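Student: One structure is given below, represented as structure tokens, and several questions about it will come after.
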Amino acid sequence: MGDVMGNCRQIAIYSGTANIELAEAIAARLGEPLGRRELRRFPDGETHVQIEQSIRGRDIYIVQPTSPPVNENLVELLIMIDAFHRASAGQITAVLPYYGYARQEKKSTGREPISARLVADLIATAGADRVVAIDLHAPAIQGFFSIWMDHLTAVPILAGYLRTVRSADDVIVAPDTGRVKLADLYARSLGLPLAVLYKRRLGPQQTETGAVVGEVGGRRPIIIDDMISTGTTVQRAVETLLTAGAAPDVIVAATHGLFVDEAVQRLSAPAIKEIIVTDTVHVPATIRAALGRVTVLSVAPLLAETIRRLNRNESISALFGSFPDHHPV
Ligand code: R5P
């Protein structure tokens, strides 16, 4: 934000421990060193942060996806925001490339929390002035914030890659009805037909996939999702598609690759030829090696340009060209 003289506040980029590589890549693109801070745990498990330089009046960006371990990373983010707030930062932006708890955005049954809203309140209460997030599981989470909120999308990055590997015989597949809008966005962007699977969730890690709506016979499926967590959704989708006669060389594309639980085993089906995710969540080298066929595209250029524009009070939607017309929100 500019001051009364119209000058930009000096940017400072900081990182929690969730995805330091991404924060470093963003800082490098902006020509800024990553801010110095010491993060440590007390013997009882409490988090402590010490900012190691004065940040008074500066435009602070804290890069911290609330990816697994979700609670650790969330508390770390909150404590960092509090430290910057109390150190008289000019403005604090929490950059959450991946927003954990987004799947708890409404009550599905009685006596449940709406944790996505609680997290939004915690971030604001800690002292953030703005939040930047990418491909929220439920775009309506934007409305959970009364502070400034910029919702970005990595779809153009993923679609850009898919454009280089697509063929006319491909079919875009939504693995459940909740992803139809998102998958349709890819289908239109890539000029491919769309098929939709019907998925019923039986428990936190148990789903059942039934009907296929659309033509998949003989076609190569490109399964689209916002996130891959345990890999169960993709595993079931692949089984259903193969039973329906789809070609056994499936591509999977999702913004966030969490790869928790037994995701690696679930995604090791020979029919899965390539998994494409972004680096909103850090994908450790061990997971990349175990998966073998994973392509990780970087959102660092998108986030660096977003930060540059926020600092100069420039348009963020202009970043996406004509893309907002098709945004799934
Ligand atoms: C569900 O609505 C989401 O879009 C994903 O399909 C789901 O969260 C992926 O989780 P998992 O990999 O554990 O099936």
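Student: Could you tally the net charge around residue 287, taking each other residue with its Cβ under 14 Å from the Cβ of residue 287, Lys/Arg +1 and Asp/Glu -1?
Tutor: Summing Lys/Arg as +1 and Asp/Glu as -1 gives -1.
Student: Going out from 0 in 10 Å bins, what whole percent of all Cα-Cα distances in the range 228-267 drops into each bin?
Tutor: 30, 53, 17
Student: Using the Cα centre as the reference, give the magnitude of the dipole from point charges on the C-beta atoms of the chain (Lys, Arg: +1; Asp, Glu: -1; all else neutral), rounded to the nearest 20 debye.
Tutor: 260
Student: If you add up the charges near residue 11, with Lys and Arg at +1 and Asp and Glu at -1, over every other residue whose beta carbon is less than 9 angstrom from its beta carbon, what do you get?
Tutor: Within the 9 Å Cβ shell, the charges total +1.
Student: If you put +1 on each Lys and Arg Cβ and -1 on each Asp and Glu Cβ, how big is the dipole of the range 94-175 around its Cα centre, in Debye rounded to 20?
Tutor: Here the size comes out at about 180 debye.
Student: For residue 118 and residue 188 in one chain, what is 0.36 nm times their gap in residues minus the Cα-Cα distance, to one decimal in nm?
Tutor: Extending this stretch completely gives an extra 21.7 nm.
Student: Inverting the mean 1/r over all pairs of different Cα atoms, compute the Kirkwood radius of the range 23-131 and quote it in Å.
Tutor: It works out to 14.9 Å.
Student: Specify which residue in the list 119, 216, 292 is farthest towards the positive end of the charge dipole of the chain, using unit charges on the beta carbon of Lys, Arg (+1) and Asp, Glu (-1), about the Cα centre.
Tutor: 216
Student: What is the set of long-range amide H partners of residue 104 at a cut-off below 5 Å, with H atoms built 1.01 Å from backbone N?
Tutor: Under 5 Å from the amide H of residue 104 lie the amide H atoms of 116, each far enough along the sequence or on another chain.
Student: For the chain, what relative contact order do you get, as a whole percent, if you take Cα pairs closer than 8 Å and at least 6 residues apart?
Tutor: Relative contact order comes out at 15 percent.
Student: In the full protein assembly as shown, how much of residue 85 is accessible to a 1.4 Å probe, in Å² to the nearest 10?
Tutor: Residue 85 exposes around 100 Å² with every protein chain in place.
Student: Which of the lysines could be linked to residue 273 by a straight reach, that is with a Cα gap under 28 Å, when you skip same-chain ones fewer than 8 residues away?
Tutor: Partners found: 181, 199.
Student: A further question follows. Could you calculate the contour length gain from residue 72 to residue 17, that is, 0.36 nm times the residue separation minus the distance between their Cα atoms, to one decimal place in nm?
Tutor: So the chain would gain 18.8 nm between residue 72 and residue 17.
Student: Could you please state, rounded to a whole Å, how far the C-alpha centre of the range 136-201 is from the C-alpha centre of the range 46-89?
Tutor: Computed from Cα coordinates, the inter-centre distance equals 31 Å.
Student: A follow-up question, please. Among the GluC sites (Glu not before Pro) in the range 203-257, which ones are in a DSSP loop with at most 14 other Cβ atoms within 10 Å of the Cβ? Mind listing them?
Tutor: Loop-located and lightly packed - 215.
Student: Here's a follow-up. Once Rh for the range 36-95 is found with the Kirkwood sum over Cα pairs, what is the Stokes-Einstein diffusion coefficient at 25 °C and 0.890 mPa s, in µm²/s?
Tutor: Estimated diffusion coefficient is 205 µm²/s.
Student: Using only alpha carbons, build the gyration tensor for the range 246-315 and give me the equivalent ellipsoid semi-axes, biggest first, whole Å.
Tutor: Taking √(5λ) for each eigenvalue gives 31, 14, 8 Å, largest first.
Student: Same structure, new question: Expressed in whole Å with the largest first, what are the equivalent ellipsoid semi-axes of the range 165-280 derived from the C-alpha gyration tensor as the square root of 5 times each eigenvalue?
Tutor: The answer is 19, 15, 14 Å, longest axis first.
Student: Can you compute the label reach from residue 107? Point 7 Å from Cα along the Cβ direction, backbone N cut-off under 18 Å, restricted to the range 114-143.
Tutor: 114-119
Student: Oh, and also: How much net charge surrounds residue 37 when only the other residues with a Cβ under 11 Å from the Cβ of residue 37 are counted, with Lys and Arg +1 and Asp and Glu -1?
Tutor: Counting the neighbours of residue 37, the net charge comes to -1.
Student: With all protein chains present, calculate the accessible area of residue 259 using a 1.4 Å probe and round the result to the nearest 10 Å².
Tutor: For residue 259, solvent-accessible area is about 10 Å².
Student: Grab the Cα-Cα distance for residue 38 and residue 295, subtract it from 0.36 nm times how many residues apart they are, and report the gain in nm with one decimal.
Tutor: That works out to 89.3 nm of additional length.
Student: Right, next: In the calculated pair distance distribution of the chain, what percentage of Cα-Cα distances lie above 27 Å?
Tutor: Roughly 45 percent, rounded to a whole number.
The values are calculated or read from the model by the stated rules, or taken from the named source; none is laboratory data. None of the values given here were measured: they were computed from a predicted structure. Neighbour counts are summed over all protein chains in view; Cβ atoms, including those assigned to glycine, are modelled from backbone coordinates with ideal geometry. Quick note on the areas: whole protein, heavy atoms, side chains included, nothing else; ligands and nucleic acids left out. Shrake-Rupley method; radii C 1.70, N 1.55, O 1.52, S 1.80 Å.
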